[in-house]
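*Asks:* The structure under discussion is supplied below as structure tokens; questions concerning it will follow.
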Amino acid sequence: MKRQTEEDGKNRWLGALAIILAIAFWQFVAEFVIRDSFILPSPVDVLAAFIGLLGDGTLLLDIQASLVHFAIGLGMALLVGIPLGIMMGWNRRLDAFLDPLIELLRPIPPLAWIPFAIIWFGLTASAAGFIIFIGAVFPVIINTYSGFRGVPRVFVEAAKMLGCTKNLHLIRYIAFPAALPSVASGIRIATGVGWMCLVAAELFGVSNYGLGQKLWFFYNLHQMDSVVVYMIILGLIGLAFDMIFRYYVDRYFLRWRTGEVA
């Protein structure tokens, strides 16, 4: 265990070193090769822009707006996608009924729904949330469905022999725990897809506020240092979502995979 901890620490240092070297290379290229802050602003320019945006409160307001949009869209995707995936994975008739409709809608790019999002909801948080919902709901449905389809039949039969005969109890105590790794993978994929859809939706005018909206706004002003600030913030928030989700799921829901019981 101690050896594993030391190895993890060394790997973290290697990751930090890679980031430092990338920033140094970026600074060198921007300062001595490109020499044009419009084409490639240097890290120093980006840091100055970040301090300015943070000082006037613009950045914090946009982060707050984007998080609200994201929470609306992903929350609705989970509320719709998980129950729908469970029902389709558990009931073959319902699967046969709904599968053609889902397979028809799934290939449509989320951005194709932007005109209707604006017509139905206006330039509001709900419009941005709707685009995120469209992008995130299908990975949740498909992975939940696959997880329930993959539950070993012997688990279900054994539970029935022990007196667990109701469908609701079988789903809650047998099928859902067995399918949880697949469900968690679907949520993780949906989180990434939803975050990308958020940026695109804001970029194309679904909302008056947000990280994507301001990224395009500063591009029109030719303030590329501020554009890079928003790009980096988008990447950091997306990374934070993924790390927090993986830690929480592995720590509290999938501990059995590592042999931990307490």
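*Asks:* Just one of (1) more than 11 Å from the chain's Cα centre (by Cα); (2) surrounded by fewer than 18 Cβ atoms within 10 Å (Cβ to Cβ); (3) among the hydrophobic types (A, V, I, L, M, F, W, C) trips up PHE245, so point out which.
*Replies:* Tallying (1) more than 11 Å from the chain's Cα centre (by Cα); (2) surrounded by fewer than 18 Cβ atoms within 10 Å (Cβ to Cβ); (3) among the hydrophobic types (A, V, I, L, M, F, W, C), PHE245 fails exactly one: (1).
*Asks:* Pairs only if they're at least six apart or on different chains, beta carbon under 9 angstrom, first in segment 22-44 and free of Cβ contacts under 8 Å to residues at least 40 places away in the same chain, second among the aliphatic types (A, V, I, L, M) and not in a helix (DSSP H, G or I); list them, first residue then second.
*Replies:* TRP26/LEU40; VAL29/LEU40; ALA30/ILE39; ALA30/LEU40; VAL33/LEU40; ILE34/LEU40
*Asks:* Do we have ARG188 as in the same structural domain as PHE218 (by TED's automatic domain parsing), touching a residue at least 40 places away in the same chain (Cβ under 8 Å), touching a Phe, Trp or Tyr at 6+ places or on another chain (Cβ under 7 Å) and among the basic types (Lys, Arg) here?
*Replies:* Considered against the rule, which asks whether it is in the same structural domain as PHE218 (by TED's automatic domain parsing), touching a residue at least 40 places away in the same chain (Cβ under 8 Å), touching a Phe, Trp or Tyr at 6+ places or on another chain (Cβ under 7 Å) and among the basic types (Lys, Arg), ARG188 comes out as yes.
*Asks:* When you go through (1) modelled with pLDDT of 75 or more; (2) within 24 Å of the chain's Cα centre (by Cα); (3) over 19 Å from ILE86 (Cα atoms); (4) of a type outside the set (Gly, Ala, Ser) one by one for ASN220, which number turns out not to apply?
*Replies:* If we test ASN220 against (1) modelled with pLDDT of 75 or more; (2) within 24 Å of the chain's Cα centre (by Cα); (3) over 19 Å from ILE86 (Cα atoms); (4) of a type outside the set (Gly, Ala, Ser), just (2) comes out false.
The values are calculated or read from the model by the stated rules, or taken from the named source; none is laboratory data. All values derive from a computational prediction rather than experimental measurement. Don't worry about glycine lacking a Cβ; one is built from the backbone with ideal geometry, like all the others, and counts go over all protein chains shown.
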